Amino acid sequence: MALEAAKLVAGLRETFGSGKTKSYEWRVSQLKAIVKLADEREKDIIGALRSDLNKSEFESYVHEISGVKKSCKLALKELHQWMTPEKVKTSSTTFPSSAEIVSEPLGVIMVISTWNYPFLLSLDPIVGAISAGNTVVLKPSEIAPATSSMLSKLIHEYMDSSAVKVVEGAVPETTALLEQKWDKIFYTGSCKVGRIILAAAAKHLTPVILELGGKCPVVVDKNINLEVAARRIISGKWCSNNGQTCVAPDYVITTKAFASKLIDALISELEKFFGKEPLKSQDLSRIVNSNHFNRLEKLLDDEKVSDKIVHGGQRDETNLKIAPTILLDVPEDSLIMKEEIFGPLLPIITVNKIEDSISVINAREKPLAAYLFTDEKKLEEEFIGSVSAGGMSINETTLHVTDSSLPFGGVGESGMGSYHGKFSFDAFSHKKAVLRRSFAGDAAARYPPYTPEKLRLIKALLDGNILAIVRALVGW
Ligand code: NAD
């Protein structure tokens, strides 16, 4: 495998060296190829996602297929402008000169993706990588095998196979790939593996983007439209892959006085969405595999929380389904509050005053997303100013991720670097500084032998003394 990985990278380096991926036309052709793939093979994609996660057609289209198409269409519309060197003002120290920032491709990129949005999280980084003019290898997740094999087949069928490759596999294959020298590694997944990626990249001084996870809090104040808030919390938690989403609400914080109202609203809306027997709903994704099912069962069976379930709790091991489950007042040291839940369980913890929620959040690692429902401007400002998170939605959950004018990425333990929209193009480009001068205006003052007069003049120049600069330009 190591030899194959080395050959693969060498082949892509040769393609990159030929210069073809740098042209505007090549980039456009590859972006169009992705749109074509998504349009023509929509049924296959939906089928693969149903097979891997029992993802509904609605969620598959709205959260995955349309996300990829939207990214391609934005890139197709804006690419010319993104590629155009950005003229910048020059300073008196380089006068007379002109300058620009040139976005150049990095070379050979590796994208390692995960299983929860296996179509979107594989292709969306590729959109950025090819928009920026790179060659790329995708390593999809083995935990979503139907989507992995479909991507391998379709990407080779639709895209330029000398520049875009797919390597399927698990840890051994990824390990062999990680031994190679890449120009950037884009990884989506857990913090644990993120550390392995970062260590492997360090050997080659390869820059990385780590899109990780964490426990995303939702703070719910009392002065709100409770029905709308409940629906939006449910949408981010259970209508997005049944909680198996990096930005899904992980836990809720509300006041002791308000908790029961919030729970009633959540239960009422949940029943409208998924009926009284949610395990039978075709609109709820299943748990991806038995390992994750067992992991979630362990969180529920922890003796510290087993009497805290106020709604749900039903499971169907044969079909890997767990019903939307709400727990109230779980202890801080329970398993469910120690790790990212990544499933349909929603603990609610209560505080005396809503303002106390900020210190509860800040006592933990920085989350990938944080949410606040309130009508109070002061609380909103305090929340935005005091809580560090990858991103935030106020009076909403997860939607900030879908707006391509916003960067998407974590901070601290939830990741490093960001992408989406123009940020994706920038993520896979080097910003090359280019200064242009003519042979005129060659100030002697900058050259040895240094004299007190020259020093005086240079000081005047650095301090912005125009008269002294002019004297330097006309020669000493
Ligand atoms: P994971 O880290 O186990 O797997 C992700 C990828 O890493 C897979 O392609 C897998 O083959 C590879 N991998 C696994 N073990 C490896 C090893 N030892 N060496 C090299 N490669 C290895 O992640 P996961 O459990 O599949 O994903 C869940 C996590 O991902 C959650 O924390 C979630 O929040 C996070 N996530 C983040 C985002 C985001 O955009 N920030 C999106 C989805 C999921």
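The values are calculated or read from the model by the stated rules, or taken from the named source; none is laboratory data. Model, not experiment: these values are computed from the prediction. Don't worry about glycine lacking a Cβ; one is built from the backbone with ideal geometry, like all the others, and counts go over all protein chains shown.
Figures for the structure shown
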read-out: Subset of the range 199-231 [within 16 Å of the ligand (Cβ to nearest atom), touching a helix residue (DSSP H, G or I) at 6+ places or on another chain (Cβ under 6 Å) and without any contact (Cβ under 8 Å) to a residue 40 or more places away in the chain]; value: ALA200
read-out: Helices (runs of 4 or more DSSP H) fully within the range 129-223 counting 1 or more residues that are crowded, with 16+ Cβ neighbours inside 10 Å and either in contact with a Pro (Cβ under 9 Å, 6 or more places away or on another chain) or outside the structural domain of TYR117 (by TED's automatic domain parsing) (or both); value: 145-158, 191-203
read-out: Count of residues meeting criterion [within 16 Å of the ligand (Cβ to nearest atom) and closer than 16 Å to ALA248 by Cβ] in the range 365-391; value: 8
read-out: Per-region count, the range 431-461, residues touching a residue at least 60 places away in the same chain (Cβ under 8 Å) and either at positive phi or buried (at least 16 other Cβ atoms within 10 Å of the Cβ) (or both); value: 2
read-out: Unique residue being within 15 Å of the ligand (Cβ to nearest atom) and not hydroxyl-bearing (Ser, Thr, Tyr) when the list is ALA170, ALA163; value: ALA170
read-out: Among (1) within 30 Å of ALA201 (Cα to Cα); (2) surrounded by 18 or more Cβ atoms within 10 Å (Cβ to Cβ) - the single one LEU74 does not satisfy; value: (1)
read-out: Which numbered condition GLU413 fails, given (1) out of contact with any strand residue (DSSP E or B) (no Cβ under 8 Å at 6 or more places or on another chain); (2) in a strand (DSSP E or B); value: (2)
read-out: Output for the range 24-44, where each listed residue is surrounded by fewer than 16 Cβ atoms within 10 Å (Cβ to Cβ), within 18 Å of THR135 (Cα to Cα) and in contact (Cβ under 8 Å) with a residue 40 or more places away in the chain; value: TYR24, SER29, LYS32
read-out: Of all residues in the range 335-352 being over 21 Å from ILE233 (Cβ atoms) and over 25 Å from the mean Cα position of the chain (by Cα), the one that is nearest to the ligand (Cβ to nearest atom); value: LEU335
read-out: Residue within the range 232-240 that is within 27 Å of LEU53 (Cβ to Cβ), buried (at least 17 other Cβ atoms within 10 Å of the Cβ) and within 13 Å of the ligand (Cβ to nearest atom) present; value: yes
read-out: Of residues in the range 16-37 being in contact with an Asp or Glu (Cβ under 9 Å, 6 or more places away or on another chain) and of a type in the set (A, V, I, L, M), the one nearest to MET150 (Cα to Cα); value: LEU37
read-out: All positions within the range 363-389 that are assigned to a strand (DSSP E or B) and aromatic (Phe, Trp, Tyr); value: TYR371, PHE373
read-out: Single condition PRO105 does not satisfy, out of (1) under 18 Å from VAL28 (Cβ atoms); (2) within 13 Å of the ligand (Cβ to nearest atom); (3) not hydrophobic (A, V, I, L, M, F, W, C); value: (2)
read-out: Residue satisfying all of: in the range 241-250; surrounded by 24 or more Cβ atoms within 10 Å (Cβ to Cβ) and not β-branched (Val, Ile, Thr); nearest to the ligand (Cβ to nearest atom) among these; value: CYS246
